[in-house]
Amino acid sequence: MEDSILFPSGFDANAGLYEAILTDEDAVLSDSLNHASMIDGIRLCKAKRFRYEHLNLEDLEAKLKEAEGSRIKLVATDGVFSMDGDIAPLDKIKALCDKYGAYLMIDECHGTGHLGETGRGTPEIFGVQPDIITTTLGKALGGATGGYAAGSKEVVDLLRNKARTYLFSNSVAPAVVGASLKVLELMRENPARLVAIKENTRYFRDAMKKAGFEISGHPDCPIAPVMLYDDKLCSEFADEMLAHNIYVIGFSFPVVPRGKARIRVQLSAAHTRPQLEQTVDAFVAVGKKLGVLK
């Protein structure tokens, strides 16, 4: 990447991106389960909009054919999908972009800091260089606020002069910038945390599946949704887990589609093996109590 630009949040990076770089002569192609910030940002721009089925490469190719004749074609996808724990097949998406002369934009907010050999996210996993990356200084990086976009100098210059969420908002607090620089330094110097989160992810996902739960998403993704499907059951399950001293959040409509309620567990490098064992045991106990497990 040639350049980058800070935003108050990762949400703002996405919200300000598309309007700044696309016109009514262009087309944007978006995965149907992209993050709300991407959806909102796309709504603000005047480009033609094409929504392809989640991770469906055949549908993406069909939409790319529909978008032929557009001045610019931009494929926009999450690297990691925050509610499902899916990882986009960036190598295959990039191949389609190259085939049809499209640019590739990736939201890495849920992949930065923990995926890939050095924590650089899904592009590192697939060995792909996208044209634009947006991401956060929060989540795995721990800053709680701040985000940025990276790309060519021309793209960043456009954002610096036209992105409304940059021009008409506050800058990132100096304390957050300092803390974020320190986090990046720690990641480079000590890969132990990356090893720990990978081990914790594999242990939890394997133990939960062995216990009989359905866990969606990629096996290496520390976002591990426990699928329960029923909204009421999901809420009751989360309440029962709290009684076991385990705090998890149930997600139901409208945050996720109807009939797709789930408890989203997020693993951390800081979790110990006894804590993960306690969590799995609590899931099993509550699962049996509420009839999810036999």
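Coordinate-derived values only; no laboratory data. Bear in mind that the values here come from a model prediction, so they are computed numbers and not experimental data. Glycine also receives a Cβ, built like all others from the backbone with ideal geometry; neighbour counts cover every protein chain displayed.
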TODO: Mind jotting down a quarter of the surface of the convex hull over the alpha carbons of region 1-98, in square nanometres, one decimal?
DONE: 6.5 nm²
Task: Relative contact order (percent, whole number), the chain, Cα cutoff 8 Å, 6+ residue spacing - done: 17 percent
Task: Between 0 and 90°, nearest 10: helix 90-100 axis offset from the chain longest Cα axis - done: 30 degrees
- [ ] Using DSSP, restrict attention to beta bridges with both residues in the chain and report what percent are antiparallel, rounded to the nearest 5.
- [x] 55 percent
Open item on the list: Which one, Asp78, Asp107, Asp31, has the greatest fluctuation when you compute a Gaussian network model over the chain with C-alpha springs under 10 angstrom?
Closed with: Asp31
Task: Phi-based couplings in Hz for region 244-255 (Karplus 6.51, -1.76, 1.60; Gly and Pro marked x) - done: 9, 6, 10, 9, 9, 10, x, 10, 9, 4, x, 5
Task: Under DSSP loop assignment and at most 14 Cβ neighbours within 10 Å, longest chymotrypsin sites (Phe, Trp or Tyr not before Pro)-free interval of the chain - done: 1-167
- [ ] Could you go through region 26-42 in sequence order and give the Karplus-derived ³J(HN,Hα) for each residue, using 6.51 cos²θ - 1.76 cosθ + 1.60 with θ = phi - 60°, rounded to whole Hz, and x for Gly and Pro?
- [x] 10, 9, 10, 10, 10, 4, 5, 10, 4, 4, 4, 5, 5, 4, 5, x, 5
- [ ] For region 233-241, take each phi angle, set θ = phi - 60°, evaluate the Karplus expression 6.51 cos²θ - 1.76 cosθ + 1.60, and give the result in whole Hz per residue in order, putting x for glycine and proline.
- [x] 4, 4, 5, 5, 4, 4, 5, 5, 4
- [ ] Compute the normalised compactness of the chain: alpha-carbon radius of gyration over 2.2 N^0.38 Å, N being the residue count.
- [x] 1.04
Task: Set Lys153/Lys198; Lys48/Lys94; Lys48/Lys260 screened for pairs whose C-alpha atoms are more than 24 Å apart - done: Lys153/Lys198; Lys48/Lys260
Open item on the list: With a cut-off of 8 Å between alpha carbons and a minimum separation of six or more residues, what is the relative contact order of region 161-256 in percent?
Closed with: 14 percent
Task: Extended-chain gain in nm, criterion 0.36 nm per residue less alpha-carbon gap, Ile249 and Arg202 - done: 14.9 nm
Open item on the list: 5 Å is the cut-off here: which amide hydrogens, built 1.01 Å from N in the peptide plane, fall below it relative to Leu293, excluding neighbours closer than 5 in sequence?
Closed with: Lys288
- [ ] Collect residues whose amide H, placed 1.01 Å from N in the peptide plane, falls under 5 Å from the amide H of Glu214; neighbours closer than 5 in sequence don't count.
- [x] Met227
TODO: Can you tell me the alpha carbon radius of gyration of region 128-233 divided by the globular rule-of-thumb value 2.2 N^0.38 Å?
DONE: 1.45
